[in-house]
Structure formats: structure tokens, C-alpha cells
1. Return the subset of 77/181; 54/257; 185/291; 54/306; 181/310; 183/225 for which the Cα-Cα distance in this structure is over 18 Å, preserving the input order.
2. Take peptides 37-44, 100-107 and line them up by average Cβ neighbours within 10 Å, highest first, as a rough protection proxy.
3. Tell me, for the chain, which Cys residues have no other cysteine's C-beta sitting closer than 4.7 Å.
4. Which of the peptides 135-143, 67-75 is most tightly packed, and how do the rest follow, going by the mean number of other Cβ atoms within 10 Å of each residue?
5. Between 286, 217, 177, where does the largest GNM mean-square fluctuation fall for the chain, given springs only between Cα atoms within less than 10 Å?
6. Leaving ligands, DNA and RNA out of it, work out the accessible area of residue 112 with a 1.4 Å probe and give it in Å² to the nearest 10.
7. Taking springs between alpha-carbon atoms closer than 10 angstrom, which of 316, 249, 34 fluctuates most in the Gaussian network model of the chain?
8. Pick out which of 230, 293, 262 has the largest mean-square fluctuation in a Gaussian network model of the chain, springs linking Cα atoms closer than 10 Å.
Amino acid sequence: MAHFINNAILVVLLALSLVLSFSPITIAANVLYPQFYDFSCPQANNIVKSIVSKAVARAPRMAASLLRLHFHDCFVKGCDGSILLDSSGTITSEKRSVPNCDSARGFEVIDEIKSAVEKVCPQTVSCADILALAARDSTVLTGGPNWDVPLGSRDSLGASLSGSNQNIPAPNNTFQTILTKFKLKGLDIVDFVTLSGSHTIGNARCTSFRQRLYNNTGNGQPDFKLERSYAAQLRANCPRTGGDQNLFPLDPGSPTKFDNGYYKNLLALKGLLSSDEILYTQNQETYDLVKLYAENQDEFFKQFAKSMVKMGNITPLTGNHGEIRKICRRVNN
């Protein structure tokens, strides 16, 4: 009897070992998880946080810039660090696209982080993951929510200028166009409203909303969905011609603090970009979420963390795909 039981246990253990030898490896190769660098580079998190902290202390708007870089990276070919590549050889940089040209910034901060990480953990931590960590740290440093960043992405071997031009939501896109761009990346209408809340920090250029201030509907008047005194204030520094690069806070009440002020502005018809305003005026579901977040910052923070984790998992390169770049601006060979 004992012999039979021992044999049965042996069969079960053998079957279990076969299962374990295949499935977790297969799964782990395609799944990002926060502990990815716990053994290979345990210093990575602290290095990123330290350098981002110094950069934001020097220039508070850098927090929004680093958060935006992560968005603009993930929406093109997935979260693969492609936005960081300079033009060279067969690569045409995404930095030259309409959404990034003259506006994407923070590349030197990523360079500084990568250099520091390479000194302690050579060719271990990807540029894509550095972007994701910097976005989280920027959010926390400005008063926003914390979350466990999914890690283990590898870096792309190329960039996509056309993808950057076509896939990143633009300030003047229609509601349906932006929602479609989100859905193509596996994100839904809740993610659309919630991730737009990152506009609680940062600035926009005059050129990105000028059309709302002059002749918006063919009558020479500002957009009627823009509060009149706010429109007048904007027109004072965003003229009909010239001043394209003049900067305006997306959340004038607290431009460097990550809070729910963005949604309160929408309720007051003070959404700066057309892509902001449409959340409140064109769809009942997004209208309800705007109201919820304006009244309940905790709900916004909780969902923002979830949506950022979801976005950080957009088609990452894992396993033997891509590489770990030594310098974020160029591929290794």
C-alpha cells in the first residue's frame, strides 16, 4: 500500500514539474511585473526617483514633460522607448512628428538616468522601463497617486514617424477619433477620461488651441463652450498670428500640482484644449466621469493608477525581442 502511495505521489510530482517547467516560463516571457529588477538591478527604482526629483525641483514643469513622454511612447508602437531614438541611418526619429516637434522634452533627464543606471547595472534596465518609472515618479512628486510599475519591457530597434503622427491623440481631434485611438491600444472610454486627467499638470502651446479663440464657428468669436472671461484672458497672450510657442497652463488653478483641478475646470467651461472640452460636452458617460472626478479626487487617483498600469502594458517587447540599449538615443549596433 505504501509503495502504491509513493508511486502515486511520484506521478503527481512529475506531472506538476512538467506543468511548472512550461507554463510559467511561457507566461513570464510576455508579462511585465514590478519586481523584474529586484535581483538584477535593485538600485534602479531609487536612481530614477532621485534624478527625477532633482529635475522637477529645478524645473517643476519637467514632471508633466516626463509623464507625457511615456504617453507618447506607448501610443505609437507600444511602450518600447522608440520616442527616445534620434534620427540615424535607417531611423527617422519620432521627435520630428507633429505631436512631438518643438514640444516633447525631458530627453536629457532620461539620458542622465540611463547613464547612472548603466554604471551600476550595465545593459540591464531598458529605456522603456526608465520612461515608465519616471512617469510614475513625476506623478507622485507632484502630489498624485502611486502605483507599482509593470517592468520588463525591452527597447525597440526602430522608430515610427508615421505612427507618431497618426496614433497620438491630437488637441483638435474629434471625440470619436480620440476614442478610436485609445481603443486601438486596448484602452477604453474610462481610460480616455482618466488619462486625460494628466493635464492637471503641464502646459500647452498657443498653436494647439488658437482655433478655439478666433473664428471657431465662422463668426469671428471664441468657442462658445469656452468661458468668456477665460477666453479673453487667453486671447491676450495668444494672438491671432504669432506667439505660437507661448505657453499656457492646462490647469491654471494649480499648474504644478497633480490634483482633480482639471475636471473642475471642465465643469466651469475652462478646458483649454478642444480634446479636454469634448469630455464634458459630447458624451454622457464621459460627462458623468468628469463630474465624479471633479467631486471625488480619490476616485480619480485610484482609476488613474489603474489606467497607467494598463497603458504601461501596451504591446511591450519581451523575451528576445528588441534589446536593452546602452544609450537611449540610439540602438546598440
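The values are calculated or read from the model by the stated rules, or taken from the named source; none is laboratory data. From a predicted model like this one, the values you see are computed outputs, not experimental measurements. Don't worry about glycine lacking a Cβ; one is built from the backbone with ideal geometry, like all the others, and counts go over all protein chains shown. Please note that ligands, DNA and RNA were not included when accessible areas were found on the heavy atoms of the full protein model with its side chains. Shrake-Rupley method; radii C 1.70, N 1.55, O 1.52, S 1.80 Å.
1. Numbers: 77/181 12 Å; 54/257 16 Å; 185/291 25 Å; 54/306 27 Å; 181/310 15 Å; 183/225 26 Å.
Pairs exceeding the cut-off: 185/291; 54/306; 183/225.
2. Values: 37-44: 14.5, 100-107: 17.9.
Result, highest mean first: 100-107, 37-44.
3. Taking the Cβ cut-off of 4.7 Å, the unpaired cysteines of the chain are 101.
4. Values: 135-143: 23.2, 67-75: 25.2.
The most tightly packed comes first, giving 67-75, 135-143.
5. Residue with maximal mean-square fluctuation among 286, 217, 177: 217.
6. Accessible surface of residue 112 is approximately 80 Å².
7. Result: 34 has the largest fluctuation of those listed.
8. Per the Cα network of the chain with a 10 Å cutoff, 230 tops the list.
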